[in-house]
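Colleague: Let me give you the structure first, and then I'll get to my questions.
The values are calculated or read from the model by the stated rules, or taken from the named source; none is laboratory data. All of these numbers come straight from a predicted model, not from anything done at the bench. As a convention, Cβ positions derive from the backbone with ideal geometry for all residues, glycine included, and neighbour counts pool all protein chains shown. What goes into the accessible areas is simple: the full protein's heavy atoms, side chains included, and nothing from ligands, DNA or RNA. Shrake-Rupley method; radii C 1.70, N 1.55, O 1.52, S 1.80 Å.
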Amino acid sequence: MAAASRYNVDGDEADVSKNKLGITDPKELGDAETVLLTDAYDYFLELLDKGKLNLKLDLIFELHEYFLGMLYSWAGKVRTVNISKGNMLFMPPNQIKKVLKDFESEFKKNCPRPDDSKKEIVRKIAYLYCELNVIHPFREGNGRTIRLFMDLFLASCGYEGLDFRKISEVEYIAACKKGTLKDYKPMEKIVFGLLNKKTELE
Ligand SMILES: Nc1ncnc2c1ncn2[C@@H]1O[C@H](COP(=O)(O)OP(=O)(O)OP(=O)(O)O)[C@@H](O)[C@H]1O
Ligand SMILES: [Mg+2]
């Protein structure tokens, strides 16, 4: 959802509901984002299928731009405002680029690979999700973009995307909070429970 009230924001990107299409109804805006996200899944999964997708760290900017570029000027760009949720203050905007650069080698070490065991894939996905969430590169849409990224990794390893609707928001946010403290176990438990191999027919 894109409701500005979900954030405590300072700076001048406060009105996240302001969009290029001039949509003012929050439900309509949420629906538009859902359609765009589905399209982003189709587009990137097809590229992956054709062997035309490089799952590098910078891909996160392309994913976000493709997902929300039609709606928001800040899509695909590092945010310029501070963002907090609960008592979590995500990475200050002026540090995001450097932190992402510094994260590059850890990212490469933790990219899921097709010959990894299921346990290893679970560990890597939970770790990457939590660390990218702490960075929270974008003004809005971080969760959906990082989940899309993780789902692309999973597809590249022969797994279905994770359906987070099957778990409660309370459990999910609790795992995100633990992840900010480098305790990845609760997120691993969630990922393990949601993980399914792609079936032969697909
Ligand atoms: N208290 C918290 N501590 C740590 N991380 C949090 C907290 N609350 C939310 N998050 C993380 O922030 C994400 C939401 O960020 P954002 O609103 O930018 O993404 P979204 O795609 O719009 O939302 P959603 O993930 O709910 O679909 C959540 O998915 C979760 O990973
Ligand atoms: Mg949001």
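Colleague: What residue, among those in region 1-37 that are among the charged types (D, E, K, R) and within 12 Å of ligand 2 (Cβ to nearest atom), is modelled with the highest pLDDT?
Modeller: Glu33
Colleague: In region 132-170, which residues are in a loop (DSSP other than H, G, I, E, B) and within 14 Å of ligand 2 (Cβ to nearest atom)?
Modeller: The answer is His136, Pro137, Phe138, Arg139, Glu140, Gly141.
Colleague: Considering only region 100-107, I want to know if a residue exists there that is exposed (fewer than 15 other Cβ atoms within 10 Å of the Cβ), charged (D, E, K, R) and in a loop (DSSP other than H, G, I, E, B).
Modeller: no
Colleague: For region 110-135, how many residues are closer than 25 Å to Met88 by Cβ and either open to solvent by less than 20 Å² (accessible area, probe 1.4 Å) or over 16 Å from the mean Cα position of the chain (by Cα) (or both)?
Modeller: 12
Residue-by-condition table, conditions (1) in contact with a strand residue (DSSP E or B) (Cβ under 6 Å, 6 or more places away or on another chain); (2) open to solvent by less than 90 Å² (accessible area, probe 1.4 Å); (3) part of a helix (DSSP H, G or I); (4) closer than 15 Å to Thr145 by Cβ:
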{"site": "Glu13", "(1), (2), (3), (4)": "no, yes, no, no"}
{"site": "Val16", "(1), (2), (3), (4)": "no, yes, no, yes"}
{"site": "Gly30", "(1), (2), (3), (4)": "no, yes, yes, no"}
{"site": "Leu36", "(1), (2), (3), (4)": "no, yes, yes, yes"}
{"site": "Tyr41", "(1), (2), (3), (4)": "no, yes, yes, yes"}
{"site": "Leu55", "(1), (2), (3), (4)": "no, yes, no, yes"}
